[in-house]
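**Q** Sharing a structure below in structure tokens format, with a few things to ask.
Each reported figure results from applying straightforward, stated rules to the coordinates on display, with no laboratory input. Please read these numbers as outputs of a predicted model, since none were measured by experiment. Every residue, glycine as well, gets a Cβ built from its backbone with ideal geometry; the counts of neighbours run over all protein chains shown.
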Amino acid sequence: MDSAALGSLFTQAPVDWFIIGAVILAVALDALRSGTNRACALTLALPAVLMLFSASLREVSLGSLSIQLSSPMLRAIIFGALLIAIYLLIRRMFGSYDENGAGFMNATVAGIATVVVLITVWLQVPELQSVWHFGPTVQNIFNELYGLWWILGAYAALAFARS
């Protein structure tokens, strides 16, 4: 096999798909080790944070604060802090903290579903675009026209993985 051809394959492939694959792998390995509770909590927290973050920017009492926080990177940090807080709240809502890992198929489904919701929400928050801007292929697949269907499909997949 020609090594130059193999090298050109990796240099021409968009970095977005390698990052997406790495996050899917990380979530799937965590689900294999400790079950799908963390993946479900993150998947439920992301849309909630999107709504809360958008509402906080429009809130009258926080209006002067949002003007002071006009840096996209600072707003991305606030989004991340809000995500951590909501994730921890949702995580506490789950009744079972069993340490049994998920099966391979359930872990893979949990990883893919979590990343689908993560990308869909990421593309809806302009402040996160300053941290990482996905290429046109990812944006076309997960754009706002299909966001609802991606999230509903991910939730259905997680319900399957949890059963």
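**Q** Gain in length, Trp17 to Ser54, computed as 0.36 nm per residue apart minus the alpha-carbon separation, to one decimal in nm? Present the calculation step by step, with values, prior to reporting the outcome.
**A** Values: separation 37, 0.36 × 37 = 13.32 nm, distance 2.75 nm.
Stretched fully, the Trp17-Ser54 segment lengthens by 10.6 nm.
**Q** Can you tell me the order of 82-88, 15-21 when each peptide is scored by its average per-residue count of other Cβ atoms within 10 angstrom, highest first?
**A** On the way: 82-88: 15.9, 15-21: 13.9.
Most protected by this proxy first, the peptides run 82-88, 15-21.
**Q** Calculate the length of the line joining the C-alpha centroid of segment 136-153 to that of segment 31-56, in whole Å.
**A** First find each Cα centre; the distance between them is then 17 Å.
**Q** Per residue of segment 144-152, what does 6.51 cos²θ - 1.76 cosθ + 1.60 with θ = phi - 60° give for ³J(HN,Hα)? Whole Hz please, x for Gly and Pro, Karplus curve as stated.
**A** Along segment 144-152, the couplings run 5, 5, 10, x, 4, 5, 4, 5, 4 Hz.
**Q** What is the sum of charges, Lys and Arg at +1 and Asp and Glu at -1, for the other residues whose Cβ falls under 10 Å from the Cβ of Thr114? Can you show the working numbers first?
**A** Numbers: positive: Arg38; negative: Asp30.
Surrounding charge for Thr114 is 0.
**Q** Something else about it: Sorted by mean Cβ packing within 10 Å, highest first, what order do the peptides 151-159, 31-39 take? Display every interim value, and only then the final one.
**A** Values: 151-159: 16.3, 31-39: 20.9.
Per-residue Cβ counts within 10 Å, averaged per peptide and sorted highest first, yield 31-39, 151-159.
**Q** While we're looking at this one, here's another question. Say each of Leu74 and Leu152 gets a label point 7 Å from the Cα, pointing the same way as Cα to Cβ; how far apart are those two points in nm?
**A** If labels sit at Leu74 and Leu152, their model points lie 3.9 nm apart.
**Q** Between Leu88 and Thr137, what is the spin-label point distance in nm, taking each point 7 Å from the Cα along the Cα→C-beta axis?
**A** 3.8 nm
**Q** Modelling each spin label as a point 7 Å along the Cα-to-Cβ direction, I'd like the Arg33/Gln129 distance in nm, to one decimal.
**A** In this crude label model, Arg33 to Gln129 measures out at 3.5 nm.
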